[in-house]
Amino acid sequence: VSPGFYCVIVFTLGFKTRCNPSAIVEGIKDTWIKLPRFSSKVVMDDKKNGEAVWVPVSVRVEDHVIVPDLDHSNIENPDEFIEDYTSNLANTPMDMSRPLWEFHVLNIKTSNAESLGIGKFHHSLGDGMSLMSLLYASSRKTSDPDALPTIAATRKHVDSNDKAW
């Protein structure tokens, strides 16, 4: 991590039901916070020629789980609102004085979901695949707390040469 290097991973998760922010906070306390990089901040160490080092800190998970106060009556197109929200999130620098992650909970119905979670992680925490694997491994169904969540199947796309991808 260098002060001039700003690379984040932003993802959205659609849920079949409204999100319970306090359940998300408790779940993160039981999982992510136990991982050193999720409970550390990055500091430039003068003793190591300005090299970035991870420094453990006390984390208040509630400060990283963001629930915006949305005025649903002013949101004409929820899907477009989410696109704009996500774009703004990706273009807003992270606060380097604390652990480099945040999770936004939006209880807004879109064309594909009843509510959404939007994660923002600095790339120093991991690559997209490792972070998605962590997210999946730390999630559970509300109907069966011992079961992993169901992942929606993707549709095959067929190009003009009848090749699926």
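Bear in mind these aren't lab numbers, they're just calculated from the coordinates by the rules spelled out. For clarity, every value in this text was computed on a predicted model and none was experimentally measured. Virtual Cβ from ideal backbone geometry, glycine too; neighbours counted across all protein chains shown.
Remarks
- The convex hull around the C-alpha trace of the chain, projected and averaged over every direction, spans 12.9 square nanometres.
- Rounded to 10°, Cα long-axis angle of helix 21-30 versus longest principal axis of the chain: 50 degrees
- Angle in degrees between helix 78-90 and the longest Cα principal axis of the chain, rounded to the nearest 10: 20 degrees
- In degrees, nearest ten, helix 128-137 long axis to first principal axis of the chain (Cα): 70 degrees
- Note on the chain: Lys pairs 8 or more places apart or on different chains, Cα atoms under 22 Å apart, count 11.
- With contributions of -39500 (n - 2.57) from each DSSP H run of at least four residues, the per-residue ellipticity at 222 nm computed over the chain stands at -6000 deg cm²/dmol.
- Residue-count net charge about L131 - beta-carbon cut-off 12 Å; Lys, Arg +1, Asp, Glu -1: +1
- Length released on extending from D95 to C7, taking residue separation times 0.36 nm less the Cα-Cα span: 30.4 nm
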